[in-house]
Amino acid sequence: MMLTDLHIHSTFSDGKLSIPELVDFYGSRGFKIIAITDHLCEEETFLGKASNFLKKTLTRHTFQEYLRMIKEEGDRALMQYGMMVIPGIEITKNSISFHRSAHILALGISEYINPDGSILDLITKIKDQGALAIAAHPVSTRLIEHQTYHLWDKREELYDKFDAWEVASGPHLFKEVMESGLPMIANSDFHHPSHIRSWKTLINCELSFNSLSVAIKQQQIEFVFYEEPAKIKIKYPEVILNFYRNTENLFS
């Protein structure tokens, strides 16, 4: 089983650690698969332009350097730690309205994607690259921050379009996603070293992107709560669901 975190931000957008620092941070903790998924904000909207001005997003001009850095550090990660680093992005469609905001993880990309397209168009472009499309934190994150409800509001239309839906963001499990029957993944949405304390996913796969993709689509996974210096392992689905049924305050 591979200890993974597939939602991580670097200094290419709004993360606190550089990509080399992230490789050492995760590699030294025994992770076997990580994905660097910096924000790629819309180019034409006001909020997207503001993120560009503040240098909190990838752009067309920084994208190739971003991929080059991930490739270079991925080679080092494999040699030094036996860890695979996946190139990814978090397509960031923010609106003043939470119900119009949506974030999509694209894992395993190799080419720039214009983030201004429709949700279905973006998913098609992701999958045309052989990449995975993940619905990021589609329900309330239980934190005081910008929320992204659009994908969840459209889940009946989109349920078979995404390869997985995030069932956790940081330390919080989402009971709505847990009980939905949708394919799931748990990530940290890492921006700061303190965010390592979060739900992660153990994936039954080999150390290759193809094997990882199959395992996620077939849900060959377990969820684990990672807390330094120890890891507390709870298996999905029986233990988590039973724990939830018998613990009223688990999701409060």
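The values are calculated or read from the model by the stated rules, or taken from the named source; none is laboratory data. Computed from a predicted structure; not experimentally measured. Neighbour counts run over all protein chains shown; Cβ positions are idealised from the backbone, glycine included.
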Self-check item: Hits in the range 139-156 - residues which are farther than 16 Å from Glu176 by Cα and either modelled with pLDDT of 95 or more or surrounded by 14 or more Cβ atoms within 10 Å (Cβ to Cβ) (or both)
Solution: His146
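For the range 57-64, check the following and say yes or no: at least one residue is of a type in the set (S, T, N, Q) and assigned to a loop (DSSP other than H, G, I, E, B). Before the answer, list the steps.
If we filter the range 57-64 for residues that are of a type in the set (S, T, N, Q), which is where we start, we get 57, 59, 62, 64.
Still in the running and assigned to a loop (DSSP other than H, G, I, E, B): 57, 59.
Within the range 57-64, one or more residues are of a type in the set (S, T, N, Q) and assigned to a loop (DSSP other than H, G, I, E, B).
Take Ile144 and tell me if it is β-branched (Val, Ile, Thr), free of Cβ contacts under 8 Å to residues at least 12 places away in the same chain and out of contact with any Lys or Arg (no Cβ under 9 Å at 6 or more places or on another chain). Let's see the steps before the verdict.
Details: β-branched (Val, Ile, Thr): yes; free of Cβ contacts under 8 Å to residues at least 12 places away in the same chain: yes; out of contact with any Lys or Arg (no Cβ under 9 Å at 6 or more places or on another chain): yes.
Yes; evaluated as a whole, the condition is true for this residue.
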Quiz prompt | Qualifying residue in the range 9-24 (condition: crowded, with 24+ Cβ neighbours inside 10 Å, part of a helix (DSSP H, G or I) and touching a residue at least 12 places away in the same chain (Cβ under 8 Å)) | solution = yes
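Across the range 147-183, what is the number of residues that are part of a helix (DSSP H, G or I), touching a residue at least 24 places away in the same chain (Cβ under 8 Å) and charged (D, E, K, R)? Talk me through it step by step, then tell me what you get.
Restricting attention to the range 147-183, the residues satisfying the condition of being part of a helix (DSSP H, G or I) are 150-153, 155-158, 175-178.
So of that shortlist, the ones also touching a residue at least 24 places away in the same chain (Cβ under 8 Å) come out as 150-153, 155, 158, 175-178.
Retained after the next criterion (residues that are charged (D, E, K, R)): 153, 155, 175-176.
Matching residues across the range 147-183 total 4.
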Quiz item: Does the range 79-102 hold any residues that are touching a residue at least 12 places away in the same chain (Cβ under 8 Å) and in a helix (DSSP H, G or I), and which are they?
Solution: Gln80, Tyr81, Phe98, His99, Arg100
Exercise. Working only within the range 214-232, note down all residues that are surrounded by fewer than 18 Cβ atoms within 10 Å (Cβ to Cβ) and farther than 24 Å from Ser28 by Cβ.
Key: Val214, Lys217, Gln218, Gln219, Gln220
Quiz item: Taking the range 126-146 on its own, how many of its residues are assigned to a helix (DSSP H, G or I) and not hydrophobic (A, V, I, L, M, F, W, C)?
Solution: 2
Quiz item: Do we find that Gly30 is on the phi > 0 side of the Ramachandran plot and either modelled with pLDDT of 95 or more or part of a strand (DSSP E or B) (or both) in this structure?
Solution: yes
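Looking only at the range 103-115, which residues are in a loop (DSSP other than H, G, I, E, B) and more than 10 Å from Leu40 (Cα to Cα)? Even if it seems obvious, please write down each step before you answer.
Step one: filter the range 103-115 for residues in a loop (DSSP other than H, G, I, E, B), giving 108-115.
Hits for the range 103-115 are Gly108, Ile109, Ser110, Glu111.
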Exercise. Only residues in the range 59-72 that are surrounded by 12 or more Cβ atoms within 10 Å (Cβ to Cβ) count as the first member; pair them with residues that are at pLDDT 95 or above and in a helix (DSSP H, G or I), Cβ under 9 angstrom, at least 6 apart or cross-chain, and list the lot.
Key: Tyr66/Ile19; Met69/Ile19; Met69/Pro20; Ile70/Ile19; Glu72/Ile19; Glu72/Pro20
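Can you pull out the residues in the range 102-123 that are modelled with pLDDT of 95 or more, surrounded by fewer than 20 Cβ atoms within 10 Å (Cβ to Cβ) and over 16 Å from the mean Cα position of the chain (by Cα)? Please lay out each step first, then the result.
Of the range 102-123, the ones modelled with pLDDT of 95 or more are 102-116, 118-123.
So of that shortlist, the ones also surrounded by fewer than 20 Cβ atoms within 10 Å (Cβ to Cβ) come out as 108, 110-112, 114, 116, 118, 120-121.
Of everything in the range 102-123, those that are modelled with pLDDT of 95 or more, surrounded by fewer than 20 Cβ atoms within 10 Å (Cβ to Cβ) and over 16 Å from the mean Cα position of the chain (by Cα) turn out to be Ser110, Glu111, Tyr112, Asn114, Asp116, Ser118, Leu120, Asp121.
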Practice problem: Report, by residue number, each residue of the range 172-200 that is acidic (Asp, Glu), over 19 Å from Ile144 (Cα atoms) and touching a strand residue (DSSP E or B) at 6+ places or on another chain (Cβ under 9 Å). | Solution: none
